[in-house]
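A short worksheet on the structure shown next.
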Amino acid sequence: MAPKGKSFGGVKRRAPGGKGGKPVKKRTYGPKFHDARLAEIDESESEVSEDAPLSDEDSELEDDEDESEDEDKGASSKPYLTLMQSLAKERGPQTKRRKLDSSSKMEPADQQDSDDEVDATAAEDLDLVEEPEEDPADELPDDDADSDNEVPDDNDPFESHFAHPDDAEVSKKLKSIQAKELSTSQVELNKLRLTRVLPGKDAGKTTRPLSTLSTTTDLKLKQRVGEAASKRPTLDKLEQVLYPITFGYSDLLFCGRTPKNAESIRQMASLHAINHVYKTRDRVIKNNAKLAKEGEDTEFEPRDQGFTRPKVLMLLPTRQSAVKMVNTICRICEPDQQEHRKRFDESYQDNDGKFTSDRPEDFRDLFEGNDDDMFRLGIKFTRKTIKYFSQFYNSDILLASPLGLRMAIGSDENKDKKKKLDYDYLSSIEVVIVDQADALLMQNWEHIEFIFEHLNLQPKEAHGCDFSRVREWYLEKQAANYRQTLIFSAFNTPELSELHRSCENWAGRVRVQPEYQGTIQELGVKAKQTFSRFETSSIANEPDARFEYFTSAIVPNLVKRIKDSHGTLIFVPSYLDFVRVRNYFATNDAVANLTFGTISEYADIPEASRARSHFLNGRHKVLLYTERAHHFRRYMLNGVRRVIFYGLPDNPIFYREIAGGYLAKSEQDAKLEPGAGTIRVVFSKYDLLKLERVVGSKRVGKMIRDRGDTFDFV
């Protein structure tokens, strides 16, 4: 936890471009875009919205937006928003909150001096902890039976990976990692594709092949954890693949997380985290007792610790996801007492934050409950008690959002305020769990990169550490090579692949993903789908090549058939590309007769409402729509007749919702003849991962490599 009075200035909540932020109510980022054409459009929109009567469908749109607006009122009661407003000059736009209390008011940042700002931060921080660091040597022996009776098992992955690794084997693998000598193998288990990377050119021949595990009784679990696992010993097909990788301490990137398997993934991750914490903690406590019993003349010199106590880090997207993880941990531990549980429930739970069943399942799974994405929580295990809001240096497990942990660490930009960075509590993290990584991509991914850059670094202060008991590989700056990183995502992206590759676990890494059938078969509506491939020399030139193809091959067809161009939705995944396309439509004479509207992640409620209304009524022939706007709002856009994908979405569900759902709605509303809708997709060879999820694993290779550049599906 950040010490009392620690301010979080200089940390950007989200970057305004690309993947990195929720919608905001008011644009506060940089100069507002202006040009004569948009000014005329804005003026006409204002006149229409104020004077013209709304049709029934327009009224429905306004009613929907009013409900959304009600959800956003009262943002001032979220304590950290006061902090965010005080830092508005140093970061991007403020984040829009959904379900917030309106009991308090926010003071403008310019009315607070720096001293008041720090005091207010300390007073209003929901996760603030004020307690001293504890001395690890003060821990008393645990009276649980398994603490004294269990004997270390050489076949236990915990023993062979952390406690007593084979020094010669590890040294050889570390040299292979440094030389980038890696061996890759692929195998299919239970209809899942596994790609394994091991240090060493011939490591695949000498390492035990990947296999499935049918029951939890084969795992090396602490007795207390094993009793919880035995309540459901049989594993399903997915668990049979993931459990041996997870409990074997290999790095894992799983690209098939869904709302249906989310609970089993949380169960597995929590089981593994608690098992690791118990084994580490019980070993230290047992050795403490032995040293105390033998006195100063003992020759017993255990190496059983890291620099600091926290051993597990869980990065989660929202407070509600933290609630789910904590509840899973409690079901496994079954503690007799939970300290500060009431405070946790009040700070993290929101039982009123529900959505109707017409919202997509993945949307409800992510945003129901408390969707606050700024939090950090330390959890400490003491005998049969779980303590929440423990000081970070006294905690065993850290749960945090990327933003919350980044702010707890601090920023170099605060040098003028004499605030130093504090990340020593990350020095001895041995297991990192990144759950719902696809949702974290829609926040600020730079925070994830920043956190991983500060993992397993040598601490700046001792923090009561007994260096005589620190494991040798910590002292030799090899902690990152022993750390296990588990990433669970609904799909794979270049960012996740790069994060997975950057982890240098000597035990290797495994990527697990399903075979994709393709969402083009799941639209639920008959429509011609045309995929057009453009060529580009490099990934650096890809954005320019995409824009050139769009303006030379796609736009002329719209201009040529301008009378039939109304109802054209252009989906633009990246905000940077969105700005470029918006500027083109606003300033280029070639599209002067194409009226257009925009909905991005930065559009406020009235702005989005007007854009939807004008698009439905035909006042705007074209509507530009971003991926992150859809991720955070899931608007049901009416009046769509054709969809143009400037780029494919990362989330294949979005393709089905936008291409299939919007056209189907237009057919139901009799605004489009059945089968008359069209879909046009622009892609390059660098869209391989996205394209595979949309067209299917069996088709993607042909579409990337074939000489032809146009592919039609009906």
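Values computed for the structure shown
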| quantity | calculated |
| --- | --- |
| Accessible area, probe 1.4 Å, largest first, for residues HIS463, HIS164 | HIS164, HIS463 |
| For GLU334, solvent-accessible area (1.4 Å; no DNA, RNA or ligand), Å² | 110 Å² |
| q = 0.11, 0.13, 0.18 Å⁻¹, the range 519-713: log10 I(q)/I(0) [Debye, one scatterer per Cα] | -0.46, -0.65, -1.34 |
| Antiparallel bridge percentage (DSSP; both residues within the range 519-713; nearest 5) | 15 percent |
| Antiparallel %, DSSP beta bridges [both residues in the range 157-514], to 5 | 50 percent |
| Positive minus negative residues near ALA203 (Lys, Arg vs Asp, Glu; Cβ under 15 Å) | +3 |
| List ASP218, ASP371, ASP669, ordered by accessible area with a 1.4 Å probe, largest first | ASP218, ASP669, ASP371 |
| Accessible area (Å², 1.4 Å probe, nearest 10) - ASP435 | 0 Å² |
| Estimated D of the range 162-297 in µm² per second, where Rh is the Kirkwood radius over Cα pairs and Stokes-Einstein applies at 20 °C, 1.002 mPa s | 123 µm²/s |
| Size of charge dipole - the range 278-430 - debye, nearest 20, with Cβ of Lys, Arg +1 and Asp, Glu -1, no other charges | 380 debye |
| Proportion of all alpha-carbon pairs of the range 463-613 beyond 20 Å (%) | 71 percent |
| Accessible-area order (highest first, 1.4 angstrom probe) of the listed residues SER401, SER574, SER552 | SER552, SER574, SER401 |
| Per-peptide average of other Cβ atoms within 10 Å, ordering 625-636, 354-365 highest first | 625-636, 354-365 |
| Accessible-area composition of the range 519-713, carbon plus sulfur, in percent [1.4 Å probe] | 48 percent |
| Relative packing of 306-318, 264-276, 498-510, 515-527, which averages over residues the other C-beta atoms within 10 Å, highest first | 306-318, 264-276, 498-510, 515-527 |
| Simple spin-label estimate for ALA553 and THR356 in nanometres, 7 Å along Cα-Cβ | 4.1 nm |
| Accessible solvent surface per residue of the range 519-713, calculated while the other protein chains remain in place, 1.4 angstrom probe, Å² | 38 Å² |
| Listed residue (GLY677, ALA659, ALA603) projecting farthest to the positive dipole end of the range 519-713, Cβ model | GLY677 |
| All-pairs Cα distance distribution in the range 157-514, expressed in whole percent, bin size 20 Å | 29, 61, 10, 0 |
| Length added when fully stretched, GLU453-ASP336, from 0.36 nm per residue minus Cα-Cα | 38.4 nm |
| For the range 298-411, accessible area per residue (1.4 Å probe, heavy atoms of protein chains only), Å² | 33 Å² |
| Pairs of Cα atoms farther than 13 Å apart, the range 534-578, % | 63 percent |
| Alpha-carbon radius of gyration plus Dmax, which is the widest Cα pair, for the range 631-690 in Å | 12.4, 38 |
| With all protein chains modelled, accessible area of ILE644 [1.4 Å, Å²] | 10 Å² |
| Accessible-area composition of the range 157-514, carbon plus sulfur, in percent [1.4 Å probe] | 46 percent |
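The values are calculated or read from the model by the stated rules, or taken from the named source; none is laboratory data. Values in this document were obtained by computation on a predicted structure and should not be read as measured data. A quick note on method: Cβ atoms are made from the backbone with ideal geometry, for glycine too, and the neighbour counts reach across all protein chains shown. Accessible surface is based on the protein model in full, side chains and every heavy atom, while ligands, DNA and RNA are left aside. Shrake-Rupley method; radii C 1.70, N 1.55, O 1.52, S 1.80 Å.
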